[in-house]
Amino acid sequence: MSDTHAQTVGFVRDTMLPSAAPPVRESGAVRWLRENLFSGPVNTILTILGIGIVWFLVATFWDWFAHSVWNANSLNECREIVAATWGEGARGACFAVIRERWNQYLFGFYPQDLYWRPTMTFGLMMVALAPVLFSASLTIRRVVLAITAVVTLWAMIVLGAPAGWLGFATLVLVVGLVASERNIMWLLPFSIIYPLLGVWFLWGGSLWGPIFVLVGPVLGWIAWRVLSRVSPLLATVAAILVTVLFWLMLAGDAARDAENLLSLSIQSVRSDRFGGFLLSLTIGVAGIALSLPLGIVLALARQSDMFLIKSLSVIFIEFIRGVPLITLLFVASLLLNYFLPPGTTFDIILRVIIMVTIFAAAYMAEVIRGGLAALPKGQYEAADALGLDYWKAQRLIVLPQALKISIPGIVSTFIGMFKDTTLVTFVGLYDPLKSMSDAVRANVAWKGIYWEPFIFVGAIFFLICFGMSRYSMYLERRLQRDHR
Amino acid sequence: MTDASVPASPPFRLSMLVNDRRYRSMTFQVVVFILVMAGAWWLVMNTIHNLSLMGKSFNFGFLFQRAGYDIPQTPIPYTADDTHLRAAVVGLLNTLIVAVLGCIAATVLGVIVGVARLSNNWLFARLMTVFVEIFRNMPLLLWILIVYAVFTEIMPAPNAFRGDNPTASMILFDHVALTNRYTAIPTLAMTNDPGSLDLGARITFNWATIAIAGALIAGLIARRMIRDRAQAVQDRTGIRPVTWWQTLAVMTVPTLILIWYFGLHLEAPSLQGFNFTGGLNVSNSLVALWLALTLYTAAFIAEIVRAGILAVSRGQSEAAFALGLRPNRTMSLVILPQALRVIIPPLISQYLNLTKNSSLAIAVGYMDLRGTLGGTTLNQTGRELEAIVLMMLTYLVISLIISAGMNIFNARVKLKER
């Protein structure tokens, strides 16, 4: 049939029609709106609800933000300025309190003329972190280190840092930049000594203390090298013993004697002067750095075949995870003097760091245990087949993969821990959120101010935590090795 | 004559404890055990020594002394003349109240937000993302302080509700009044009160509560019997009898009859003089703590729910549609059972977190376990060691109970593999 038809139709089109534009409702903004906002009755109701929420928020808060005052000396003055500018009965935010007291929110009661020291510590921390965190991408490293260098030096100049220290910071930052261009691993020695340097920069006092703390492990290493030919176990035991004994017996006196011979002191700052974000960051960074290795050890212990090791680790982890952080902080502030020999006192910030570390390590251990459990059994068997011993297998095969799997969990533990540093307010330290705001409100000029400090402190916390979570996503993508 | 295929075991030497695989783990464990015991012994000895230096002893006798302080919110009768133990129990109940209320509200809100983040609606999904990111990335303490400040600073005083032309008005059909000191909510009242069952120690249970709870439990048992019978009929004949109206009847009718018999009704608070009476005045510290815990935990639960739903592969719902299941059946029979498997373990830890975070009540002066046992009692008696140890153990027991209970539930919804 069809071929007869084909012969009867003697018409073939030989020109193409120009393509027509789609109907107006099928493209562009209208189509987008129809698909994403008004595709059905439920969707339309949700859209209206959403617009309602946004409208409510804007209507409630916009005038308050729009009328904010940045230049005033007291809350009353703020209110007068708002009334004068926007009419009687208008309300406005009084961000003048941030302008006047920002230094306390950032540094607590740290001596004003020494503000450059925490600033420098923070800037140099980025250099120390570079080989650890940003080792993969040259571009990111370049950007981060360049911005750090510029901001740190500018802030140090503004805060009136002495020329010698300015030179030191410049030297470290420039070396950091050069090393980052050539070979980032050159910076690793700096990363290792940075914790001690950081403690010295922040608390001040004699440099000989940190130096002799560092001498301990060096002596231990020498002992290990000498004895490792005799027996590896003996060498390890000797190395630990030498280090600990040196710290306990000799380091203190040696540091005092050396200080008397050649003074390397900078002005010391007591712990109760620490406050604000300086305190939060000190506790947070120290807790992060210490809880990761401790968490790995706990997780490995919990996965161990040895019954006793496993049970001890389970008891420890479950106990710490079963109680609130506040009770642990109370233990640090109230009970530690019961547990230690009479007359032992040590710094409250150090005690809090220890408790926060223990707390975070228990959570970290569970996260890493998840990673270890998620690893296919074949990986462990392959390590055994290669004849690797336990530590080599863990270090070369198991842990790199397990840690990679657990990155999201590890970072959320860090974020949680950083947020929890605000709880130190309950053991009498000046956290940026409650204690600092209470201290500001104690002043008659700022009595009754609530929202502006909350917004300021909340915004900084948000930036840091949000940044950390985005960094973890970047890390996850970068370490993605499976082919999908 | 010895068997040549078995090598003679070498004589035991001391170095084998370290170098031989068979003994190494034993040696290691013994060494660790000795070290841990030595550490524990050192701590205990220090504690005993320190206590004797201070002339204190380690005993819990202080729990039976007169407490002498008041607690604003008491779920069981309590006066300042009661013992510290009773105060601690009141605190524990307050902790449990805020934890249970918070878990329920956070789950509801979290599920809504988590599902809404996946919605096709661009605007609503973005709004929910903003909600989650904001609440997750700022400290809980900030939210507690903000909510508390909203209640104490912005809400009107009770007397603002007074007069013919009041400046403030009650919400929810004149049933709830938000004031700067408390939130007045309606209570359940009865016209035909059957009296209370005395459990001793001044703890009473109203008979009406017991009767209604009994009716509900009987209803659940009856529902199970109906379902078993329906299953039996289906197994025998292949036709499942329609049971929904029987189920509905056994679940609701007895309860409704009891409610009618006791004359149960809502009694709205009303302003008498300076304060609201008739309803229940819930202190703002509880409301603020509950609301902040709810919002904060809901953001985490939303992420868990979203991840759980995304974890169910698309093919599952497509297969269900291909079988001709309607969307709600697909949700309840295919997607949810698989999503719950992923959702429940992290949900358990969120419940645990919420319960532990309720100890932040210290920021708003809510008298929970930490406020009574770990706060006023500790300060009055000076028994830091006993009070904190007891408090930690109580929290530990609560945590273990929650985690055990939820793990049983988890085992029931878990995917059965081979």
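The values are calculated or read from the model by the stated rules, or taken from the named source; none is laboratory data. As the structure is a prediction and not an experimental result, all values here were calculated from the model. Please note: Cβ atoms are built from the backbone with ideal geometry, for glycine as well, and neighbour counts cover all protein chains shown. Quick note on the areas: whole protein, heavy atoms, side chains included, nothing else; ligands and nucleic acids left out. Shrake-Rupley method; radii C 1.70, N 1.55, O 1.52, S 1.80 Å.
Using DSSP to call loops (not H, G, I, E or B), can you name the GluC sites (Glu not before Pro) in the stretch B:324-418 whose Cβ has at most 13 other Cβ atoms within 10 angstrom?
In loop regions of the stretch B:324-418 (DSSP not H, G, I, E or B), the sparsely surrounded GluC sites (Glu not before Pro) are B:Glu417.
In terms of the ratio Rg/(2.2 N^0.38 Å) built on C-alpha atoms, what value belongs to the stretch B:222-349?
This ratio for the stretch B:222-349 stands at 1.66.
Taking the Cα centre of the stretch B:112-224 as the origin, how large is its charge dipole in debye, to the nearest 20, when only Lys and Arg (+1) and Asp and Glu (-1) carry charge on their Cβ atoms?
That gives a dipole near 460 debye.
To the nearest 10 degrees, how steep is helix A:208-227 against the longest Cα principal axis of chain A, on a 0 to 90 scale?
80 degrees
Give me the mean projected area, in nm² to one decimal, of the convex hull enclosing the Cα positions of the protein assembly as shown.
Taking the Cα atoms of the protein assembly as shown, their convex hull projects to 65.3 nm² on average.
Give me the extension gain from A:Arg99 to A:Val175: residue separation times 0.36 nm, minus the current Cα-Cα distance, reported in nm with one decimal.
Full extension of this stretch gives 23.9 nm more.
Which of the three applies to chain B, rounded, prolate or oblate, going by the alpha-carbon gyration tensor with a ≥ b ≥ c and a/c under 1.5 meaning rounded?
Here chain B falls in the oblate category.
Pick from B:Gly110, B:Gly324, B:Gly374: which residue has the top mean-square fluctuation in a GNM of chain B where Cα pairs under 10 Å get a spring?
B:Gly324
Let's see if you can work this out: charge +1 on each Lys and Arg Cβ, -1 on each Asp and Glu Cβ, no other charges. What is the dipole magnitude of chain A about its Cα centre, in debye to the nearest 20?
It works out to roughly 560 debye.
For the stretch A:275-483, what relative contact order do you get, as a whole percent, if you take Cα pairs closer than 8 Å and at least 6 residues apart?
27 percent
Can you send over the carbon and sulfur percentage of the accessible area for chain A, probe radius 1.4 Å, protein chains only?
69 percent
From the backbone phi of the stretch A:434-445, what are the Karplus-calculated ³J(HN,Hα) couplings (6.51 cos²θ - 1.76 cosθ + 1.60, θ = phi - 60°) in whole Hz, Gly and Pro given as x?
Those phi angles translate into 9, 4, 5, 5, 4, 5, 5, 5, 5, 6, 4, 4 Hz.
Please flag any cysteine in chain A that has no other cysteine's Cβ under 4.7 angstrom from its own Cβ.
Cysteines lacking a close Cβ partner in chain A: A:Cys465.
If you project the alpha carbons of the stretch A:275-483 onto the principal axes, what extent comes out on each, in Å, largest first?
Its Cα atoms span 73, 50, 23 Å along the three principal axes.
Find the accessible area per residue for the stretch B:173-247; the probe is 1.4 Å, ligands and nucleic acids are left out, and the unit is Å².
Per residue, the stretch B:173-247 has 68 Å² of solvent-accessible surface.
In whole Hz and in residue order, list the ³J(HN,Hα) couplings for the stretch B:290-296 that follow from phi through the Karplus curve 6.51 cos²θ - 1.76 cosθ + 1.60, θ = phi - 60°; x for Gly and Pro.
Running phi through 6.51 cos²θ - 1.76 cosθ + 1.60 with θ = phi - 60° gives 4, 5, 5, 4, 4, 4, 5 Hz.
May I ask you to list the chymotrypsin sites (Phe, Trp or Tyr not before Pro) in the stretch B:224-325 that are in a DSSP loop and have at most 14 other Cβ atoms within 10 Å of their Cβ?
Loop-located and lightly packed - B:Phe274.
Spin-label point model (7 Å from Cα, Cβ direction): what's the A:Arg256 to A:Leu334 distance in nm?
3.5 nm
Amide H neighbours of A:Gly275 under 5 Å, at least 5 residues apart or on other chains, H built in the peptide plane: list them.
Amide H to amide H, under 5 Å and 5 or more residues apart or across chains, A:Gly275 pairs with A:Gly108, A:Phe109, A:Tyr110.
Cα axis of helix A:276-302 to longest principal axis of chain A: angle in degrees, 0 to 90, nearest 10?
Approximately 90 degrees, to the nearest 10.
With charges set only on the Cβ (+1 for Lys and Arg, -1 for Asp and Glu), what does the dipole of the stretch A:275-483 come to about its Cα centre, in debye to the nearest 20?
260 debye
Output the pairs from A:Lys310/A:Lys392; A:Lys310/A:Lys419; A:Lys310/A:Lys404 with a Cα-Cα distance over 27 Å in this structure; if there are none, say none.
A:Lys310/A:Lys419
Near the amide H of B:Asp82, under 5 Å away, which other amide H atoms are found, from residues 5 or more places off or on another chain, if H is placed in the peptide plane?
B:Ala67, B:Gly68
Can you tell which of B:Ile259, A:Thr357, A:Ser406 lies farthest toward the positive end of the dipole of the protein assembly as shown, using +1 and -1 charges on the Cβ of basic and acidic side chains (Lys, Arg; Asp, Glu)?
A:Ser406
Okay, helix-only estimate at 222 nm for chain B: each DSSP H run of n ≥ 4 adds -39500 (n - 2.57), divide by all residues, round to 500 deg cm²/dmol; what do you get?
-20000 deg cm²/dmol
Any idea how far apart B:Met54 and A:Leu234 come out in nm if each label point goes 7 Å out from Cα toward Cβ?
The modelled label-to-label distance comes out at 4.7 nm.
Hey, rough spin-label estimate for B:Thr79 and A:Met473, points 7 angstrom out along Cα→Cβ, what's it come to in nanometres?
Taking the two extended label points, one gets 6.0 nm.
Just name one of A:Ala235, A:Val150, A:Pro293: the one whose Cα is farthest towards the positive end of the charge dipole of chain A (beta-carbon charges, Lys/Arg +1, Asp/Glu -1).
Projecting each Cα onto the dipole axis, the largest value belongs to A:Ala235.
Probe radius 1.4 Å, ligands and nucleic acids left out: which of A:His67, B:His84 has the largest accessible area, and how do the rest follow?
Sorted by accessible area, descending: A:His67, B:His84.
Taking R0 as 56 Å, what's the FRET efficiency between A:Val218 and A:Val58 from their Cβ-Cβ distance, rounded to 0.05?
0.35
Note the buried accessible area between A and B here, summed over both chains, with a 1.4 Å probe, in Å² to the nearest 100.
4900 Å²
So what is the 222 nm mean residue ellipticity for chain A from helices alone, if each DSSP H run of at least 4 adds -39500 (n - 2.57) and you divide by all residues, rounding to the nearest 500 deg cm²/dmol?
It comes out at -22500 deg cm²/dmol, rounded to the nearest 500.
Return the FRET efficiency for the residue pair A:Arg273, A:Ile157: r is the Cβ-Cβ distance, R0 is 30 Å, and the value is rounded to the nearest 0.05.
The computed FRET efficiency comes out at 0.80.
Cut-off under 23 Å on the C-alpha distance; same-chain residues fewer than 8 positions from A:Lys447 excluded. Which lysines are left, in chain and number order?
Output for A:Lys447: A:Lys434.
So what's the angle, to the nearest 10 degrees on a 0 to 90 scale, between helix A:75-86 and the longest Cα principal axis of chain A?
20 degrees
Taking 8 Å as the Cα distance limit and 6 or more residues as the minimum spacing, I'd like the relative contact order of the stretch B:242-397 as a percentage.
Normalised by residue count, the contact order of the stretch B:242-397 is 18 percent.
For chain A, what's the relative contact order in percent, using C-alpha pairs closer than 8 Å and at least 6 residues apart?
Averaging sequence separation for qualifying contacts and normalising by length gives 14 percent for chain A.
Considering the dipole of chain A built from charges on the beta carbon (Lys and Arg +1, Asp and Glu -1) around the Cα centre, which of A:Trp221, A:Asn71, A:Trp165 is farthest to its positive end?
Positive-end residue among those listed: A:Trp221.
For A:Ile464, what accessible surface area do you get with a 1.4 Å probe? Give it in Å², rounded to 10.
Its accessible surface works out to 50 Å², give or take rounding.
Could you provide, to the nearest whole Å², the per residue accessible area of chain A with probe 1.4 Å?
With the other protein chains kept in place, chain A gives 54 Å² per residue.
Is the shape of chain A rounded, prolate or oblate, going by the alpha carbon gyration tensor and its root eigenvalues a ≥ b ≥ c, with a/c under 1.5 for rounded and a/b larger than b/c for prolate?
Here chain A falls in the oblate category.
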